[in-house]
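Everything on this sheet refers to the single structure shown next.
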Amino acid sequence: MTERTLAIIKPDAVGRHLVGAIIQRYEEAGLIPLGMKLMRLTKAQAEGFYYVHKQRPFFDSLCSFMSSGPIVVLALAGENAIQRHRDLMGATDPAKAAEGTLRKAFGTHIEHNAVHGSDSPESAQYELGYFFSALEWPQR
């Protein structure tokens, strides 16, 4: 089933000039970019995006990190895109991520793990809508 999912290349990866390498890995995995933006979140925008984690102990440091530098947000499409992207990302902690995953290759710390991805069809719909209007990426 063709799905759409949100991917974020986080400030640590953007700052280390890894955007092209990560996008290449998406494309090689059959995840096709439908929309892409370079942007910088304010702390309030990061808090709005990560609201589901508001009660978690890492919420403040996550939002501070996500607003610390530019990010690249992508709308990706492909067969079973959500799960395929999650598999490609690897475990949240790069030290525990499998070889060949984005977080193993490009992450440096559990909080600086290079990429984000939607974890369900419901979160993908919300997350894509948070960053993209219907006019900004093909709905095919």
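Under 6 Å between Cβ atoms, which residue pairs at least 6 apart in sequence (or on different chains) link something in region 53-78 that is more than 27 Å from Gln24 (Cβ to Cβ) with a partner that is in a helix (DSSP H, G or I) and of a type in the set (Asp, Glu)?
Cys63/Glu47
In the list Glu127, Glu99, which residue meets the criterion of being among the charged types (D, E, K, R) and touching a Ser or Thr at 6+ places or on another chain (Cβ under 6 Å)?
Glu127
Looking only at region 48-64, which residues are of a type outside the set (Phe, Trp, Tyr) and either open to solvent by less than 90 Å² (accessible area, probe 1.4 Å) or in a helix (DSSP H, G or I) (or both)?
Of everything in region 48-64, those that are of a type outside the set (Phe, Trp, Tyr) and either open to solvent by less than 90 Å² (accessible area, probe 1.4 Å) or in a helix (DSSP H, G or I) (or both) turn out to be Gly48, Val52, His53, Asp60, Ser61, Leu62, Cys63, Ser64.
Looking at region 92-116 only, could you name the residues that are in contact with a Leu (Cβ under 7 Å, 6 or more places away or on another chain) and at pLDDT 95 or above?
Thr101, Leu102, Phe106, Ala114, Val115
For region 110-131, give me each residue that is free of Cβ contacts under 8 Å to residues at least 40 places away in the same chain, in a loop (DSSP other than H, G, I, E, B) and open to solvent by 60 Å² or more (accessible area, probe 1.4 Å).
Ile110, Asp119 - these are the residues of region 110-131 that are free of Cβ contacts under 8 Å to residues at least 40 places away in the same chain, in a loop (DSSP other than H, G, I, E, B) and open to solvent by 60 Å² or more (accessible area, probe 1.4 Å).
Of Leu76, Leu41, which residue is assigned to a loop (DSSP other than H, G, I, E, B) and under 25 Å from Ser133 (Cβ atoms)?
Leu41 is the lone residue from the list that is assigned to a loop (DSSP other than H, G, I, E, B) and under 25 Å from Ser133 (Cβ atoms).
Determine the pairs where a residue that is modelled with pLDDT under 95, located within region 80-91, has a partner that is open to solvent by less than 40 Å² (accessible area, probe 1.4 Å) with Cβ atoms under 6 Å apart, the partner being 6 or more residues away or on another chain.
none
Could you check, for region 59-67, whether at least one of its residues is of a type in the set (Gly, Ala, Ser) and over 15 Å from the mean Cα position of the chain (by Cα)?
yes
For Ile22, only one of the following conditions fails: (1) open to solvent by less than 20 Å² (accessible area, probe 1.4 Å); (2) more than 23 Å from Thr108 (Cα to Cα). What is its number?
It is condition (2) that Ile22 fails.
The values are calculated or read from the model by the stated rules, or taken from the named source; none is laboratory data. Predicted, not measured: the structure shown is a model, and the values here were computed from it. Don't worry about glycine lacking a Cβ; one is built from the backbone with ideal geometry, like all the others, and counts go over all protein chains shown. Areas reflect the complete protein model, heavy atoms only, side chains present, ligands, DNA and RNA absent. Shrake-Rupley method; radii C 1.70, N 1.55, O 1.52, S 1.80 Å.
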